[in-house]
1. If you roll a 1.4 Å probe over the heavy atoms of the protein chains, what accessible area per residue do you get for the range 163-322, in Å²?
2. Need one word for the range 83-144: rounded, prolate or oblate. Basis is the Cα gyration tensor (sqrt eigenvalues a ≥ b ≥ c); a/c below 1.5 gives rounded, then a/b vs b/c decides.
3. For Trp81, list long-range residues whose amide hydrogen, built 1.01 Å from N in the peptide plane, is under 5 Å from its own amide hydrogen.
4. For the range 35-42, what does the Karplus curve 6.51 cos²θ - 1.76 cosθ + 1.60, with θ = phi - 60°, yield as ³J(HN,Hα) per residue in whole Hz, taken in order and with x for Gly and Pro?
5. If the cut-off is 29 Å between C-alpha atoms, which lysines fall inside it for Lys7, apart from same-chain ones fewer than 8 positions away?
6. Can you give the angle from 0 to 90° between the axis of helix 287-298 and the longest principal axis of the chain, with both taken from C-alpha atoms, to the nearest 10?
7. Express the carbon and sulfur contribution to the solvent-accessible surface of the range 125-209 as a percent, rounded to the nearest whole number, probe 1.4 angstrom.
8. Counting pairs of alpha carbon atoms under 8 Å apart in space and at least six apart in sequence, what relative contact order in percent does the chain give?
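The values are calculated or read from the model by the stated rules, or taken from the named source; none is laboratory data. Owing to the predicted nature of the structure, the values given are computational and were not obtained by experimental measurement. Every residue, glycine as well, gets a Cβ built from its backbone with ideal geometry; the counts of neighbours run over all protein chains shown. Keep in mind that these areas ignore ligands, DNA and RNA; they rest on the heavy atoms of the full protein, side chains included. Shrake-Rupley method; radii C 1.70, N 1.55, O 1.52, S 1.80 Å.
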Amino acid sequence: MKLATLKSDSRDGELVVVSADLARYSPAGNIAVTLQEALDNWTRISPELTALAEKLNLGMIEGEPFSENDARSPLPRAYQWADGSAYVNHVELVRKARGAVLPDSFWTEPMMYQGGSDSFLDPHSPIVLESEDWGIDFEAEIAVVLDDVPMGIAPADAGNHVKLVMLVNDVSLRGLIPAELAKGFGFFHAKPSSAFSPVAVTPDELGAAWDGGKLNLALLSTLNGELFGKPDAGQDMTFTFPQLIAHAAKSRPLCAGTIIGSGTVSNKLDGGPGKPVDAGGAGYSCIAEIRMIETIDKGAPATPFMKFGDTIRIEMNDADGDSIFGAINQILERYGPM
């Protein structure tokens, strides 16, 4: 089943069911007005949404043409957005570039930060920020949406609470991160609003690509029309989603609608840092990673962060080359107070 939230007069949008080929949709307001309402009552409501999806896919109902431009992030706002760092290869490169040693604990316990969840961007809306000096970067990631998760859940049970999977652009301001982390209190200004894919899908929709803990497909990032990264999201993932969920729920329950992110998808190459796509590698899911490799290899970064007018597209295709979630497709624009 594929679900989306269309723009409406409500800030939480209108829940719709989308056909498997992303061509058509059917309103689901008579079942649940919003995705959050569906998640709050998932056991009761999901069978009704599934039945509607089956009718749409079988042509039993005509539906209406689906346009990604009309979609908001599946949850336009959420009770919680917690982003992990499951690809320790990425973290190791960050620290190596600045001459720091990776603590052994990074391989046994996930890192996670709690991001702002009150103002997610629409998947095709611009990223609007004040200054290029902030080191504007995209981060292509996988995210899961949960139902209610009890505190202290074990990883073996946590996967049962994954109800939806989607993509995310976790926008990061690299120039603001060092000063914030130096205060010892985590990210705030350095992590502005994120955007999620137009469509969220149930795990069964992913077939064999979803193994219960990882999504084993290439995550495509296209920067200014050029393929920048195509790493396999199932490779080099040190911590699975059930492990990330259990980590988040260590000292508190997680309410329905909580979103957990994977962190920047990152692949190694022959046991070492990855290479650009045009050099035979899988490329990168953020600009910072190639800059770190350039720093390690050449003493200084050469690739610039995003500039106003730059575009970023994040997408994932199935084995037949068809888009699964639709695309996050954004342009970077300068912010000017109204």
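1. Values: 6460 Å² over 160 residues.
Accessible area per residue: 40 Å².
2. oblate
3. Answer set, sorted by chain and number: Gly115, Ile259.
4. 5, 4, 4, 5, 5, 5, 10, 4
5. Lys55, Lys163, Lys191, Lys307
6. The helix 287-298 is inclined about 20 degrees to the chain.
7. On the way: 1890 of 3250 Å².
C and S atoms contribute 58 percent here.
8. Averaging sequence separation for qualifying contacts and normalising by length gives 22 percent for the chain.
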